[in-house]
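The values are calculated or read from the model by the stated rules, or taken from the named source; none is laboratory data. The structure displayed is predicted, hence computed values, not measured ones. Just so you know, the surface numbers come from the protein's heavy atoms only, side chains and all, with ligands and any DNA or RNA stripped out. Shrake-Rupley method; radii C 1.70, N 1.55, O 1.52, S 1.80 Å.
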Amino acid sequence: MRTAARSGLLVAAAALLGAVAAAPPGAQDWTAAPAAGRPYAYLEGPAGSVLQDTLSVTNPGTAPLTVRLTGQGAPVSFAARSVTVPARTRADVPFAVTVTADTPPGEHRGTVRAAAAGREVSVDLRLRVSGPQLAALTVEDVHVDEGAVRYTLVNRGTTILAPRLAIRAEGLLGTVLDRPDRALPLTLRPGERATRTEPWPDPPALDSVTVRLTATAPGAAPATVRAEASFASGPALAGTAGLLLAAASGAGYAVRRHRGRSRTRLSRTQPPPTQPPSTQPSRTQRASAGATP
């Protein structure tokens with residue numbers, strides 16, 4: 001296997017040397033650079049515009065040179081992707097950069113590449129997009145479930161944002177969730193939305209809570225949104241119902257016992273009722289009545 005690998009390397013080296021030897025004299029000395037001898041291509045304009053510049057390719061060789069042109073990091077377009085430059089000639093190749101409407105103001109980078117005769121030349125492209133820079137972030141579509149809090153972050157400004165998030169939940173008996181401000185693993189371009197889920201593996205079993213999310217980003221005002229949620233699991237409801245039933249039974253027993261004690265006290269303290277006078281005539285009255293003529 002080592003012998004085969006060495007043989008492959010020798011073949012590749014021989015092919016490369018053959019290509020260099022076959023190249024016309026001066027072919028390896030060609031250059032590509034921004035027109036007018038600038039160190040890099042610089043373009044400036046507002047979002048939604050098309051900016052133009054020129055790339056100069058010089059062929060000092062004795063034979064025509066075919067150059068392939070590409071762009072990276074920016075929407076670069078050329079009049080032709082492949083240009084043949086005659087011997088001892090310089091060709092100025094126009095190119096354009098399309099600045100999309102959602103491109104945020106500020107500095108942007110890209111690269112223009114030219115490849116020919118087994119060599120590649122990279123030209124630095126610097127783009128400045130004009131316009132007011134506004135950082136604005138909102139939190140929308142908040143939903144609270146038993147195991148997660150779902151929300152959407154929206155970049156409403158003109159700059160790229162690196163959002164941060166803090167989340168807090170208050171229940172009837174106090175704080176049930178408190179996660180301090182921390183960076184999120186994402187960036188938002190202007191107009192971009194990102195829906196995320198905040199795990200909540202241990203929510204309360206029985207409670208009514210207010211969840212508050214606060215999102216921040218450098219240069220942007222804090223965005224806070226609140227959402228209400230109620231939690232009521234089956235075991236918690238059963239336990240609560242049992243407690244309520246026990247409390248009701250205890251209260252009924254206490255009332256009955258209190259009434260029984262009250263009746264006992266009344267029976268002990270109340271005097272016996274007086275006997276009403278008899279309506280039957282006494283013996284004296286009966287005798288008097290019999291002696292009357």
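Based on the Cα atoms of the range 61-109, what semi-axes does the equivalent ellipsoid have, where each is the square root of 5 times one gyration tensor eigenvalue, given in whole Å with the largest first?
Equivalent-ellipsoid dimensions as semi-axes: 31, 9, 8 Å.
How large is the accessible surface of residue 143 in square angstrom, using a 1.4 angstrom probe and rounding to the nearest 10?
About 110 Å², rounded to the nearest 10.
How large is the accessible surface of residue 107 in square angstrom, using a 1.4 angstrom probe and rounding to the nearest 10?
110
Given axes a ≥ b ≥ c from the Cα gyration tensor, I'd like to know whether the range 31-128 is rounded (a/c under 1.5), prolate (a/b larger than b/c) or oblate.
Prolate, because a/c is 1.5 or more and a/b exceeds b/c.
Per residue of the range 58-73, in order, report the coupling 6.51 cos²θ - 1.76 cosθ + 1.60 (Karplus, θ = phi - 60°) as ³J(HN,Hα) in whole Hz, putting x for Gly and Pro.
Residue by residue, the range 58-73 yields 10, 10, x, x, 9, 9, x, 10, 9, 10, 9, 10, 9, x, 9, x Hz.
Please work out the ratio of the alpha-carbon Rg of the range 87-188 to 2.2 N^0.38 Å and round it to two decimals.
1.84
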